[in-house]
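Inspection log for the structure reproduced underneath, given as C-alpha cells.
Where a number appears in this text, it was derived from the coordinates with a stated rule and is not lab data. Please read all numbers here as calculations on a predicted model, not as lab measurements. Every residue, glycine among them, receives a Cβ derived from its backbone with ideal geometry; neighbour counts consider all protein chains shown.
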Amino acid sequence: MLRALALFRKVALPVLSAGLLTAAGVAQAQQDDTLRVGMSGRYFPFTFVEQDTLKGFEVDVMEAVADEMGTEVVFETANFSGLFGMLESGRIDTIANQITITEERQAKYAFTEPYVYDGAQVVVKEGNTSISGVEDLAGKSVAVNLGSNFEALLRELPYADEIDIQTYESNIEQDTALGRVDAFVMDRVSASQVIKEKPLPLQLAGETFSKIRNALPFRDTEQGRQLRDEVDKALSTLRDNGTLAEISERWFGNDITQP
C-alpha cells in the first residue's frame, strides 16, 4: 500500500498559486480512492519543504491517516490564503495546515474532531523588553500569516484599533528578527520550534492568550461529510493506538494531540 505518491513527496515542490494544479495532480484527483490534501509547505514544522521534499507533522499525520484508510494521499501545495478556495471548488478534499476551528469556519465546513491542541503566542526579537505579552501590543506593528485565525484573535482585543496588524504570506519570523515589525503571532508550538531550530534571534513574549483546536475541514456536503467521517474514524484509531502521540513526540518532543 502506498502511503503517499512519490511525485509529491520526493521531487521539488514549488508553492502553487491557488487554482493551479499539476497535470499529474489533476489526473490523480480523478481517482476515487485518493485523499487530496492541501497545505502551504511554508509553516514549519507543520508543513515545509526541505531539500525538495515536503515534510512536517501534518504530512506524517495525513500519511498515517491514508494508510489507516487503505488509500493513497496526494499533497497539493499553494499559498495558505488560497487553500480554502481550492477546498470549496473541489480541487482538494481537505486542508492539513494547522487549521483552527472557529465559529465562522464551523458554519461553513464539516470538521473532524480536533487532533492538535495549542495556544496563540506573541513572539518578539531577542532582547525586546517593550513587549512582555499580548497586553503590550498597543501601538506596535504585529505580523500574522495571511488567512490565519491570528488576525481575528488580535482584532478581538479591546485595544485592537491601536495595533498595526500586518498580514504576510511568509517570512514573519525573519522580518521580526530584522526589526521590520515589532512582533508576530502564531501558535506556541510552532513558535517554540522556530526558535529552537532556526538561527534567528527571537523569543517568546509572555504566555498564550487564546486556546486553539486544530482539525481537518471538509466541504459541508453529503460526500464531504461522509469523507470527514471516514477520516475521523482513522484519526480516532491513530489516537487510540498511540500513532498520533508518536508523530507528535517525533516533531515536538511532547504530545500536542491530547487536550
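Over the chain, dividing the summed -39,500 (n - 2.57) contributions of all DSSP H runs of at least 4 residues by the number of residues returns a 222 nm mean residue ellipticity of -9500 deg cm²/dmol. Seen from all directions on average, the range 117-211 presents a Cα convex hull projection of 5.4 nm². Taking packing as the residue-averaged number of other Cβ atoms within 10 angstrom, the listed peptides 57-67, 155-165 run from highest to lowest as 57-67, 155-165. Couplings for the range 52-61, taken from phi via the Karplus curve 6.51 cos²θ - 1.76 cosθ + 1.60 with θ = phi - 60°, read 6, 10, 6, 9, x, 4, 5, 4, 5, 5 Hz in order; Gly and Pro are left as x. Amide H contacts for E169 (H built 1.01 Å from N in the peptide plane; partners 5 or more residues away or on another chain; cut-off under 5 Å): L146. Phi angles across the range 70-76 convert, under the Karplus curve 6.51 cos²θ - 1.76 cosθ + 1.60 with θ = phi - 60°, into 3J(HN,Hα) values of x, 10, 9, 10, 10, 9, 10 Hz, Gly and Pro given as x. Quarter the surface of the alpha carbon convex hull of the chain and you get the mean projected area, 13.3 square nanometres. Considering only I172, S248, A205, the residue lying farthest towards the positive end of the dipole of the chain is I172, judged by Cα position with unit charges set on Cβ. A simple spin-label model places pseudo-atoms 7 Å from Cα toward Cβ; at E197 and R239 they are separated by 2.4 nm.
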